[in-house]
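To keep things clear, I will list the structure first and then write my remarks on it.
A short reminder: the numbers here are calculations on the coordinates, not readings from a lab. All of these numbers come straight from a predicted model, not from anything done at the bench.
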Amino acid sequence: MSVFDKAKAKAEQLLGRAEELYGQSHGDAAATLDGEARRLEGEAEEETAARDQAAEEARRSGDDGLAGAR
């Protein structure tokens, strides 16, 4: 995942949290739910990117995950 993609995922989280807080403070259930969904989507993108990056690094180093089992 590129730096741009990481920044985009973090921005989605922040914007979602802002929308969620707006909805809570104004009694707008739709905004609260939309914000929560946006925040969770950003978190999921970030976690997926971290998992993909770890897998790529393991592939590059030749680590098959069984080093301790041998």
**Asked** Per-residue HN-Hα couplings for region 43-57, Karplus 6.51 cos²θ - 1.76 cosθ + 1.60 at θ = phi - 60°, whole Hz, x for Gly and Pro?
**Response** 5, 5, 4, 5, 5, 5, 5, 5, 5, 5, 5, 5, 5, 5, 5
**Prompt:** Extension gain Thr48-Lys6, at 0.36 nm per residue separation less the Cα-Cα distance, in nm?
**Reply:** 14.1 nm
**Prompt:** Which three semi-axes in whole Å describe the equivalent ellipsoid of the chain, each the square root of 5 times a Cα gyration tensor eigenvalue, listed largest first?
**Reply:** 37, 12, 6
**Item:** Estimated [θ] at 222 nm from DSSP helical runs (n ≥ 4, -39500 (n - 2.57)) normalised by residues in the chain, nearest 500
**Value:** -29500 deg cm²/dmol
